[in-house]
Amino acid sequence: MRHLASIIGKLDDTQYTQESAALPGSTIGKHVRHVLDHFALLFAALASAQSASNNLQNPLGPVDYAHRERSPLTESTVDGGQCSIGRAIAIVEQLRERETAIPSFITVSDTLPGGTTASFLSTVDRELWFCIHHMIHHNAIIASLMFELGLNPPTEFAYAPSTIKLAHDLAK
């Protein structure tokens, strides 16, 4: 997230909100907001946890990834995006501090092709990992949008850590 904040910090609001020619309706700001929406849903479920004593029969949630609150400020200004990223980073740091008190199980739901909704039992760690990989995927799209604007984001911004590690290992 800090890398994302650093990358968007080099943009002005016009670049941040410039619609893509290749992906109509898509902007860097909208991708930043979309990524943070997913983290926010998970964080909200954790904040609502009354105690850490959940189990398979009493999971947190549901976290419904299809019903996100979209923050206009996050997607419309670089400052708004950076403030939202800063709040998300602060929550992650709080989670690290109370790691043993974080509930394990959570129910997630999403809309499937055809419009039906499905719910799944997951773990908080798994969903945090999903949010991180979802962010990496969108970082790659953001990098493409930056190239479209004539900007050159760092190569590693658009790759998963495992891909970067593999490239380094192969270069040895």
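The values are calculated or read from the model by the stated rules, or taken from the named source; none is laboratory data. Because the structure is a prediction, the values reported are computed rather than measured. No Cβ is skipped: glycine too gets one built from the backbone with ideal geometry, and neighbour counts run over all protein chains shown. Remember, those area values only see protein heavy atoms, side chains included, never the ligands or the DNA or RNA. Shrake-Rupley method; radii C 1.70, N 1.55, O 1.52, S 1.80 Å.
Does the stretch 53-73 include one or more residues that are of a type outside the set (Ser, Thr, Tyr) and assigned to a helix (DSSP H, G or I)? Spell out the reasoning first.
Let us first name the residues in the stretch 53-73 that are of a type outside the set (Ser, Thr, Tyr), namely 54-64, 66-70, 72-73.
Going one step further and asking which of them are assigned to a helix (DSSP H, G or I), we end up with 72-73.
Yes; the residues of the stretch 53-73 include at least one that is of a type outside the set (Ser, Thr, Tyr) and assigned to a helix (DSSP H, G or I).
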- Just to be sure, is residue 44 open to solvent by 30 Å² or more (accessible area, probe 1.4 Å) and either within 15 Å of residue 27 (Cβ to Cβ) or modelled with pLDDT of 85 or more (or both)? yes
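Look at residue 162 and say whether it is closer than 30 Å to residue 20 by Cβ, more than 17 Å from the chain's Cα centre (by Cα) and of a type in the set (S, T, N, Q). Please lay out each step first, then the result.
Values: closer than 30 Å to residue 20 by Cβ: yes; more than 17 Å from the chain's Cα centre (by Cα): yes; of a type in the set (S, T, N, Q): yes.
Considered against the rule, which asks whether it is closer than 30 Å to residue 20 by Cβ, more than 17 Å from the chain's Cα centre (by Cα) and of a type in the set (S, T, N, Q), residue 162 comes out as yes.
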- Report, by residue number, each residue of the stretch 21-41 that is open to solvent by 10 Å² or more (accessible area, probe 1.4 Å) and among the small types (Gly, Ala, Ser). 21, 22, 25, 26, 40
- Picked from the stretch 47-78 (must be modelled with pLDDT under 85 and of a type in the set (A, V, I, L, M)), the residue farthest from the chain's Cα centre (by Cα) is 56
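Yes/no per residue for (1) out of contact with any Pro (no Cβ under 6 Å at 6 or more places or on another chain); (2) on the phi < 0 side of the Ramachandran plot; (3) open to solvent by 60 Å² or more (accessible area, probe 1.4 Å):
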position	(1), (2), (3)
58	yes, yes, yes
61	yes, no, no
64	yes, yes, no
75	yes, yes, no
84	yes, yes, no
93	yes, yes, yes
98	yes, yes, yes
114	yes, no, yes
123	yes, yes, no
- Scan of the stretch 138-172 for residues that are surrounded by 14 or more Cβ atoms within 10 Å (Cβ to Cβ), part of a helix (DSSP H, G or I) and at pLDDT 90 or above, ordered by number: 138, 139, 140, 141, 142, 143, 144, 145, 146, 148
